[in-house]
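One structure is given here, and the rest of the page talks about it.
Where a number appears in this text, it was derived from the coordinates with a stated rule and is not lab data. Worth saying up front: this structure is predicted, and the values here are computed from it rather than measured. Here the Cβ positions follow ideal geometry from the backbone for every residue, glycine too, while neighbour counts run over all protein chains shown.
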Amino acid sequence: MTSDPAALIGPLYDLARVLRLRGPEEAGLEKLPPSELDVLRYVMHHPGVGVTTLARELGLHASNVSATVRALVARDLIRRAPDPNDRRSVRLTPTIHAAHGMALIEQAWSDLFGTALRELTPSQQEALTAATPALRALAEALRSAR
């Protein structure tokens, strides 16, 4: 274990900020507020999710998620459909437009990171590649701790 876990916070926050604030513009798309991007990415990876589950998983208030979903529906990025098992609930699915847009955004992120990675030394590049499984595990541990 690192002797100073707090030392990870700054670099991880800075990386997350780049991902949240850049990408749509570089992909030639309309800029999305970070909350909309978070919700859209979650729905892309969990099609059919309900608003309550989405709010819980993202650590947001259901009312904020509902407002964000309305904005994404208006942008034709998410579709709302009644839950076949509970007509009072809705299920969220991404649209084809969302899938295409997210592919462009993720390619823009990859390009941004690729350019930055090329500025690092080979040993720094290798260290980051080797850290990928640990970063995934850290993200899962933090998510599970909520």
Given only helices, namely DSSP H runs of n ≥ 4 each adding -39500 (n - 2.57), what is the per-residue ellipticity at 222 nm of the chain, to the nearest 500 deg cm²/dmol?
-> -21500 deg cm²/dmol
Kindly rank 86-92, 42-48, 118-124, 137-143 from highest to lowest mean number of other beta carbons found within 10 Å of each residue.
-> 42-48, 86-92, 137-143, 118-124
Sites Ser66 and Ile96, calculated FRET efficiency, Cβ-Cβ separation with R0 25 Å, nearest 0.05 | 0.60
Would you mind computing the Rg to Rh ratio of the chain from its alpha-carbon coordinates, Kirkwood style for Rh?
-> 1.02
For the chain, build the charge dipole from Cβ charges (+1 Lys, Arg; -1 Asp, Glu) around the Cα centre, then report which of Pro24, Ser110, Ala134 sits farthest towards its positive end.
-> Pro24
What distance in nm separates the simple spin-label points at Glu126 and Glu30, each placed 7 Å from Cα in the Cβ direction?
-> 4.7 nm
